[in-house]
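Below is one structure, written out as structure tokens; the observations come after it.
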Amino acid sequence: MNTLLSVIWNVDPVAFSLGPVSVRWYGLCYAIGFVVGITLLSKMFKSEGYPDDWADKVLVYTIIATVIGSRLGHVFFYEWGYYSKHPLEILMVWKGGLASHGGVVAIIISSWLLCKYVFHKTFLWFGDRFMGPAVFVGAMIRLGNLMNSEIYGGATSLPWGFQFVRDYPAGTPVELIPACHPTQLYEAGSYLILFAVLMYMYWRTNARKREGLICGTAFAVFFAIRFLLEFIKNDQVAFEADMVLNMGQLLSIPFILLGIVFIIYSFKKPKTS
């Protein structure tokens, strides 16, 4: 259903071109997220007297884990039927197809490796510092999805509904394009609020002395937001149509529970100095 106040969204996903090279808004948002996130993490490490190169190591591990994990997450969770018959296309990341839950799993693994072999710290110690910047990256990725006119919600008559023109055949009359929930903005805004809360907990309270509290809060709230917003999103793949809870929600539940476990653990364990 369209409304007179709906937003006609027809942004070119290409931000700018340098000769034959095109820079897309999605990649730009990703890059901004990582630069800001690593800058914040570096500031945290420095404030606690840890080596300057720790943040650089996190950046390398996280970028690799994000790309590989997100791609494999999409392949196995959403379109294994297709990729099992076209395995070489798994490597064609530029064609699209990334799943955030797969990226999170890979980042958890890479973070554990960093903690064990580089930092010699516990996973929760690292998570309390890493999750705030990571949530900021999540917000930027959703803004990238908006610029790509993808992963949006169902039809709405609310005045802030977006008509995603680029998702329809060229020449489709605007009046035939439904206004939909801009769930990318809902998520990005929610994540930025969570990011601010996590940064406040780290810098302005004693939360980081309760190992796992900041990390647990991030996991529980971030994936609770994702779980709830999935109710108004369009299905990403056809098989989700008959599901009570879609794949994104099913994959979010373990992370919500994990966050709750971390929070409980943080209050059972004595405060660190």
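Around the amide H of VAL14, modelled in the peptide plane, lie the amide H atoms of TRP25, all under 5 Å away and 5 or more residues distant in sequence or on another chain. Of all lysines in the structure, those lying under 30 Å Cα to Cα from LYS46, and not within fewer than 8 positions of it along the same chain, are LYS57, LYS116, LYS121, LYS209, LYS268, LYS269, LYS271. Measuring spread by the Cα atoms of region 62-104 yields a radius of gyration and Dmax of 9.5, 29 Å. Each residue, ILE90 and ASN206, gets one label point 7 Å from its Cα in the Cβ direction; the gap between the two is 4.9 nm.
For region 74-103 and region 209-223, write down the distance between their C-alpha centroids in whole Å. About 30 Å separates the Cα centre of region 74-103 from the one of region 209-223. R0 = 35 Å: FRET efficiency of TYR117 with TYR82, Cβ-based, nearest 0.05? Given R0 = 35 Å and the Cβ-Cβ separation, E is 0.45. Just the number, please: carbon plus sulfur as a percent of the accessible area of the chain, 1.4 Å probe, no ligands or DNA/RNA counted. Using a 1.4 Å probe with all protein chains present, the chain comes out at 69 percent carbon and sulfur.
When DSSP assigns beta bridges and you keep just the ones with both residues in the chain, what percent turn out antiparallel, to the nearest 5? If you can, show how the numbers build up before the last one.
Details: 7 of 10 bridges.
Beta bridges within the chain, antiparallel portion: roughly 70 percent.
Here's the picture: charge each Lys and Arg Cβ at +1 and each Asp and Glu Cβ at -1 in the chain, and of GLY171, VAL36, TYR200 the one pushed furthest to the positive end of that dipole is TYR200.
Any chance you could give the angle, 0 to 90 degrees and rounded to 10, that helix 123-147 forms with the longest Cα principal axis of the chain? The angle comes out at about 20 degrees.
The values are calculated or read from the model by the stated rules, or taken from the named source; none is laboratory data. These numbers were taken from a predicted model, which means no experiment stands behind them. No Cβ is skipped: glycine too gets one built from the backbone with ideal geometry, and neighbour counts run over all protein chains shown. Note: accessible area is taken over every heavy atom of the protein model, side chains too, but ligands, DNA and RNA are not part of it. Shrake-Rupley method; radii C 1.70, N 1.55, O 1.52, S 1.80 Å.
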